[in-house]
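First up is the structure itself, then whatever we jot down about it.
The values are calculated or read from the model by the stated rules, or taken from the named source; none is laboratory data. None of the values given here were measured: they were computed from a predicted structure. All Cβ positions, glycine included, derive from the backbone under ideal geometry; neighbour counts span all protein chains shown.
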Amino acid sequence: MISQKLNDTLTLTGPGTEAGSVMRHYWQPAALSDELQGTRPVVPVTLLGERLVLFRDSDGKLGLIDRACPHRGADLCYGRLEDNGLRCPFHGWHFNRDGQCVEQPGEPQGSTMHERITTTSYPVVEKNGIIFAYMGPGEPPAFPNFDCFRAPETHVFAFKGLWECNWLQAMEVGIDPAHASFLHRFLEDEDPQDSYGKQFRDKAADTNMPMTQLLREYPRPEISVEETDYGMRIIALRHLENGKTHVRITNQIFPEAISIPMSREMIITQWHVPVDDENCYWYSMFTSFDKPVDKKLMREQRLKEHRLPDYAPIKNRSNYYGFDPQEQQQTTYTGMGLDINVHDQWAVESPGRIADRTKEHLGSTDVAIIRYRRMLRAAIKNLNDSNSSELPMMNGSDHIFGPVSNDTIANNSHWQQASTDSDKERRANCRDWDASIPADDIEAAAAIKNQ
């Protein structure tokens, strides 16, 4: 349990809030590149409680500015995309991608009033299918050398989905290794040969056992956590028969992302981005170490479960997440279909828009959640003490690679080395891009040996 005051401190992210100030020191996913396809690349964006409009000008460059025209507040999302900027249809005021008003056609000839009119604008960059915005003070930080950013565009697929809940409960489900044995339990295993693009459908590491079977039969992982330069490394050990252990390495990337293995050849890097305090988008980058991603198939798979243009899930609170009691008896633990995103969505939305943590009772499997909240509180304190350089990754990120996200089967006494060697092998076999990690970082990633 925590106090209501602390719950508010950790969850609220609008302008002027403490957690929101932390988030504004990091690049935030604002939209998918796919959303700017078409003849009029203009989309509304609500991010950290701020209503904005994103557009691509005639030079092909991106702008992210306040959605309210500074004249009388008309919605610039309906603006005319012309003359290398966005023009308000109300009185013709024209703004460039930096938020500068460059023309007021209704004002007297020769007026220079427009030179004094600016609106909020934020830097934006495009990386492998996601457009990121920086909404904080000073110069934006450099991007770390994460695999999702290093891989070529052909090997990364990006998608997003709307969840009607606060960002923190959305992120916390991703740093909870124990839930997969229950929430995502399949009472019947699918053929792993049909697993492409689906999470927890592959075979477990180098075995013929479906991952769903392993999660079902070994529901008590031994979980440990270590803090890293980028956030946290989470180790979940499921001890099998015959002296074997299944090792699953996942990561929390500060402030609100996770990195997890999806299959032997693919990992997922997923942000949980506040729209406002009661809604968030998850943004995922699926990165392949093997061959180019089949983007057409992965997009088709996900559009069966989401509607456009808002990427809201088709199964939701209004239709009881597709709950089927017969399916719950025979096929899945939840009775909510085979898409594990729906399972997670129910788990994070059902506590309410902002979970009441004054009534929760955390157990030993919640160790990563406990550690993360302490990390966020420490970041808030550092900002309040004007020590922004003490935030994770704020002292430079050129040395940060990976992070290693991997599933391995190993002998009980050598699981640390086996996990490291498995990741090395996967990276060494990556032929289309340089997935190697510098020697110093390999040693850092192998720090779990010292536990």
Open item on the list: Just checking, does the range 123-142 include any residue being modelled with pLDDT of 95 or more, in a helix (DSSP H, G or I) and within 24 Å of ARG307 (Cβ to Cβ)?
Closed with: no
- [ ] Quick one: in the range 129-154, of everything that is without any contact (Cβ under 8 Å) to a residue 40 or more places away in the chain and among the charged types (D, E, K, R), which residue is surrounded by the most Cβ atoms within 10 Å (Cβ to Cβ)?
- [x] GLU153
TODO: Evaluate the range 33-40: report whether one residue or more is of a type in the set (A, V, I, L, M, F, W, C), within 18 Å of VAL273 (Cβ to Cβ) and at pLDDT 95 or above.
DONE: yes
Task: Hits in the range 10-42 (condition: over 30 Å from LYS295 (Cα atoms) and hydroxyl-bearing (Ser, Thr, Tyr)) - done: THR11, THR13, THR17, SER21
Open item on the list: I'd like the residue in the range 101-122 that is touching a helix residue (DSSP H, G or I) at 6+ places or on another chain (Cβ under 7 Å) and part of a loop (DSSP other than H, G, I, E, B) and, out of all such residues, is nearest to LEU36 (Cα to Cα).
Closed with: GLN104
TODO: Might you check whether a residue that is assigned to a loop (DSSP other than H, G, I, E, B), modelled with pLDDT under 65, farther than 30 Å from GLY352 by Cα and not aliphatic (A, V, I, L, M) occurs anywhere in the range 172-194?
DONE: no
- [ ] Please identify the pairs in which a residue from the range 328-350 that is under 15 Å from ARG317 (Cβ atoms) has its Cβ atom under 7 Å from the Cβ atom of a residue that is of a type in the set (S, T, N, Q) and assigned to a loop (DSSP other than H, G, I, E, B), counting only partners at least 6 apart or on another chain.
- [x] HIS343/THR334; TRP346/THR334
- [ ] May I ask you to list the residues in the range 228-268 that are assigned to a strand (DSSP E or B), farther than 18 Å from ASN145 by Cα and not small (Gly, Ala, Ser)?
- [x] ILE234, ILE235, LEU237, ARG238, HIS239, LYS244, THR245, HIS246, VAL247, ARG248, ILE249
TODO: Test PHE149 against the criterion of being assigned to a strand (DSSP E or B), of a type outside the set (A, V, I, L, M), assigned by TED's automatic domain parsing to the domain that holds HIS272 and within 19 Å of the chain's Cα centre (by Cα), and give yes or no.
DONE: no
- [ ] Please enumerate the residues belonging to the range 72-108 that are polar (S, T, N, Q), surrounded by 15 or more Cβ atoms within 10 Å (Cβ to Cβ) and touching an Asp or Glu at 6+ places or on another chain (Cβ under 9 Å).
- [x] ASN96, GLN100
Open item on the list: Criterion first (in contact (Cβ under 8 Å) with a residue 40 or more places away in the chain and in contact with a strand residue (DSSP E or B) (Cβ under 7 Å, 6 or more places away or on another chain)) does LEU76 satisfy it?
Closed with: no
TODO: Just give me the residues in the range 228-275 being farther than 18 Å from ALA379 by Cα, among the charged types (D, E, K, R) and touching a residue at least 60 places away in the same chain (Cβ under 8 Å), in sequence order.
DONE: LYS244, ARG248, ARG264, GLU265
Task: Output for the range 54-71, where each listed residue is buried (at least 23 other Cβ atoms within 10 Å of the Cβ) and closer than 23 Å to ASP277 by Cβ - done: LEU54, LEU64, ILE65
